[in-house]
Amino acid sequence: MTNDSESQLPADAAEDAADDSAAHDAVPRAQLPELLHAAVAAVGGVERPGQARMAEAVADAVDHGEHLLVQAGTGTGKSLAYLVPALAHGDRVVVATATLALQRQLVERDLPRTVEALHPVLRRRPLFAMLKGRSNYLCLHRANEGTPSDEGEGLFDPVEAMGGPTGKLGQEVLRLREWADETETGDRDDMTPGVSDKAWAQLSVTSKECLGATRCAYGQECFAEKARERAKLADVVVTNHAMLAIDAIEGAPVLPEHGLLIVDEAHELVNRVTGAATAELTVGAVNRAVKRAARLANEKAVDALQAAAENYHGLMETAQPGRVEELPEYLAYAVTAIRDASRQVITSLGETRDKGLSDEDAVRKQAMAAAETLHETADRLLADSEYDVVWIERSDRFGMGTASLRVAPLSVSGLLREGLYKERSVVLTSATLKLGGDFNGVAASVGLPSDARLPDVRTPGDEPDTGGFGDDPVPFWRGIDVGSPFKYPKQGILYVARHLADPGRDPERPDMLDELAELIGAAGGRTLGLFSSMRGAQAAAEAMRERLDNRILLQGEDTLGELIREFASDATTCLFGTLSLWQGVDVPGSACQLVVMDRVPFPRPDDPLMSARQKDVEQRGGNGFMAVAATHAALLMAQGAGRLVRAADDRGVVAVLDPRVETKRYGGFFRSSMPEFWYTTDRNQVRRSLAAIDASAPPVRPVVRRG
C-alpha cells in the first residue's frame, strides 16, 4: 500500500527545491486575499470572514516576529487560514497536530489542492511531507534479520516465537513482512487493516534501539530516514504534538529548521507535552532490561540488576497508590540500586562494542536502550526536584497487583517558554482557547505570560519593538477570536438541569437517570452521552436499556470507529462514553441532536499530578481550583459542547445534568467557555424544543468524520 499524497518528494525535488533551506521570496501581502480565494475554491469550500481575518493575523505575526493565539470555531476553515499565509511568506513551516485525522486531512486533501491552486501566483509548487517518530515506521532490519530476543538468545524469528504462522500474532508479523515489500512509506498508519501493538513492536524500533543509518545494512532503504530526508527538502512539514514536544524540550532537534510553527488542536498541547515528559519505572521494564543484557553484559552487572529488580518487585507488590512527596528510605534504596546496576550494565555493554560482534549489534542496541532508559528514569526519581511530581500508580497494564513509580513535570509552561518560542513565530489555534471568556488561562499554560500580551488589534505606527528572536526573547503574543460561521444562538440550546441534586462521589443518581430518559425520549434518540467516568457511562447505559426501546451503544463494546458509524446511521440510536468522545467526534446532521453531559468533568481529587499543580498555584497565592480543576473541566465541556453543531443546518440541545453550572459561582466560567447557545434552565421548554427538532429532522446522512 502506498500513500503518494504524503509528499511530492523526491519526484519534484530537483526542480522545485533549490537548496535545503526551503526559503523562498515572500508574496506581497496585497495578494493574500487572492491566494486565499484560490485555495478555498480548490478545496470546494466557502470563504468565511473569520477565515480571512485569521489569515491576515497569521501573516502579521510572521512579518513582525510575534506569536499568535487564534480561536477559530468549527467551520471556519482554519487549516487554509494558516497554510495560505505560511506558503505565501516563503519560510519553511512546521504544522503540528494532535490527531491522525487532521494530519491526513492536511497531507491528503488540503495541501495538495492548495499547492496547485497557489502555483500560478507563487510560480512554484511548495513541497510537503509528513514526519513522525521513528517507532511509527517499519524497521527493515528487523523485518529481514529478525528481532532481538528478550530471553537473551540472540535473534529469533518472531513468527516461530508466536506460535508459528497459524497463531494470530504470527500471522500479523507475516503480513507485516509482506507489507514491507509493498509499502513506499513504511508508516504504520498507512497499513489497512492494521496490526496489534505487540506485532508492530516486533518490526519497529525506538530511536535508542536504532542501529543508525551508517551501521545498518538497510540504512539506505530505511523508511524513517527517507521520511527525514523528505522533511529536510519540504516547505511544509506536518508532524504531531509528540514530535514537537521532543524537539522543544529534549535539546536534540528532530525537526528541520523552520521560521514558522503552527500548532493546530492547541488545546491538546499541554497534555501531549506532559505525556512526552513523563517517565515510568515499572517492574516489567526492569525485568526486560535484565533479559536483554544477559547475553552481552558481564555477569556481575547483570546479577546486580537482577537483584535490584527482585527487590523492587517485592516492594511494589504492596505499595499504595498516590503521590510521593519524598521517596521513603526503603524505596529510595531500591531505586538507587536500579540506577547503579543499570549504569554497570551500560558500561559493560560499551566495552563489548569493538570485539567483532557486528552480528549482535541489534541485540546490544536493544539492551543498551533498555538500560539507559532505566538509568535516566531512576536518576530523575532520585533527584527530588521541586519541578517534578512523583507518584505510585497501579494499573492492570502491569499485571495483577503490580504498581509502578511515575514522574512528570509539575508544569510544562516553563519548558514550552524556553523551547517553543525562540527563533520562530508560533501560531496556536483551536476551536477552544478562550476559557471563561479570555485567553489568559490557556496562554499561561503554554508559556505565554500575560505581561507580554499585545493588543488584539494592531495599530499602525504604535507597534512595540518585540526585539526579534534573541537568546532570551520575550514571547510577545496576541490573542484573537475570529468567531464561527455558525449561528449558535439560533442553532442550539444550552440547558442546565437546575432542579437536580448536586452530584456526589457515588455515581448512583436516580434523578439524573430520570432526566436523561425523558430527554432521550423527547429527542427520539439522536443522543451523544458524555460521561465523566466509565462507571457512570456503564450505569447509564444499563438503566436506559431497561427503560427505553432505543438502541444504546456503549464505548468499549466495539471499536470507537464502528460505534460512531452505527450511531451516525440510525436516528433512534444513542452513544454513551467517556473521555475520547468529549473530543474529536464529528457527526454532522440529524443523527446527533442532543449532547448530554452527566456532570462537570473535574479531575479526580486523588489525581496526583492535578492535585500537585493545584496546590502549587495556591502556595503562590493563586486560586488553584480555578486555575487547574475548573480550567481542565471547562476545556472538556467546551470541546463536548462543540460536538453538537458541526454544519450550518445542524440544530439541537446541549444538556448539562449538573446544577452547579447554574447554582455555583464558578458556573458562569463554564457557561462562558462554551459556544454562545441560547441558555435556559426550563426543563419543559427544552422537552418541547427537542420534540419539535425531532419532528422536523431530515433523514440521517451516514457521513462520519473524525477530527
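The values are calculated or read from the model by the stated rules, or taken from the named source; none is laboratory data. Note that the structure is a prediction, hence the values are computed from the model and not measured. Methodologically, a virtual Cβ is constructed for each residue, glycine included, from the backbone with ideal geometry; neighbour enumeration extends over all protein chains shown. The accessibility values were calculated without ligands, DNA or RNA, using every heavy atom of the protein model including side chains. Shrake-Rupley method; radii C 1.70, N 1.55, O 1.52, S 1.80 Å.
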Flagged in the range 389-413 as open to solvent by 40 Å² or more (accessible area, probe 1.4 Å) and either aromatic (F, W, Y) or modelled with pLDDT of 90 or more (or both), in numbering order, are E393, F398, R406, S411
Selected residue [buried (at least 24 other Cβ atoms within 10 Å of the Cβ) and modelled with pLDDT of 90 or more] from V107, V95 | V95
Condition set closer than 22 Å to R424 by Cα and not charged (D, E, K, R), scope the range 110-132, selection surrounded by the fewest Cβ atoms within 10 Å (Cβ to Cβ): answer is L131
Could you run through the range 328-338 and say how many residues are open to solvent by 30 Å² or more (accessible area, probe 1.4 Å) and either within 16 Å of V407 (Cα to Cα) or among the basic types (K, R) (or both)?
-> 2
Test: residue in the range 616-626 that is open to solvent by 10 Å² or more (accessible area, probe 1.4 Å), touching a residue at least 60 places away in the same chain (Cβ under 8 Å), within 25 Å of N271 (Cα to Cα) and in contact with a helix residue (DSSP H, G or I) (Cβ under 6 Å, 6 or more places away or on another chain) = no
Can you confirm whether the range 592-604 contains a residue that is farther than 26 Å from L433 by Cβ, open to solvent by 50 Å² or more (accessible area, probe 1.4 Å), modelled with pLDDT under 95 and out of contact with any Gly (no Cβ under 9 Å at 6 or more places or on another chain)?
-> no
Selected residue (only one of S673, S696 is touching a residue at least 40 places away in the same chain (Cβ under 8 Å) and of a type in the set (S, T, N, Q)) = S673
Where S149 falls short, out of the listed (1) at pLDDT below 85; (2) crowded, with 23+ Cβ neighbours inside 10 Å; (3) in contact with a Phe, Trp or Tyr (Cβ under 6 Å, 6 or more places away or on another chain) | (2)
Say whether the condition of being open to solvent by 20 Å² or more (accessible area, probe 1.4 Å) and of a type in the set (D, E) is met by at least one residue in the range 210-225.
-> yes
For L530, state whether it is of a type in the set (A, V, I, L, M, F, W, C), open to solvent by less than 10 Å² (accessible area, probe 1.4 Å) and at pLDDT 95 or above.
-> yes
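Every residue, every condition in (1) within 30 Å of G194 (Cα to Cα); (2) modelled with pLDDT of 90 or more, yes or no:
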position	(1), (2)
L9	yes, no
A23	no, no
G44	no, no
E47	no, no
G50	no, yes
Among the candidates A88, A59, A117, A81, residue that is in contact with a strand residue (DSSP E or B) (Cβ under 8 Å, 6 or more places away or on another chain) and hydrophobic (A, V, I, L, M, F, W, C) | A81
Checked E257, E265, E280, E250 against criteria (closer than 25 Å to D190 by Cβ and either in contact with a Cys (Cβ under 6 Å, 6 or more places away or on another chain) or not hydrophobic (A, V, I, L, M, F, W, C) (or both)); the one match is E265
Matching residues, the range 418-440, being outside any loop (DSSP other than H, G, I, E, B), farther than 13 Å from W477 by Cβ and under 19 Å from the mean Cα position of the chain (by Cα) = G419, S430
Is there a residue being closer than 22 Å to S569 by Cβ and touching a Lys or Arg at 6+ places or on another chain (Cβ under 7 Å) anywhere in the range 486-507?
-> no
Quick count over the range 533-556, residues being under 28 Å from the mean Cα position of the chain (by Cα), of a type in the set (G, A, S) and open to solvent by 20 Å² or more (accessible area, probe 1.4 Å), is 2
Could you identify the single residue in L500, L516 that is of a type in the set (A, V, I, L, M, F, W, C) and part of a loop (DSSP other than H, G, I, E, B)?
-> L500
Would you confirm whether any residue within the range 509-523 is over 18 Å from A655 (Cα atoms) and surrounded by 15 or more Cβ atoms within 10 Å (Cβ to Cβ)?
-> no
May I ask you to say which residue of P603, P608 is under 23 Å from the mean Cα position of the chain (by Cα) and free of Cβ contacts under 8 Å to residues at least 40 places away in the same chain?
-> P603
Scan of the range 673-702 for residues that are aliphatic (A, V, I, L, M) and open to solvent by 70 Å² or more (accessible area, probe 1.4 Å), ordered by number = A695
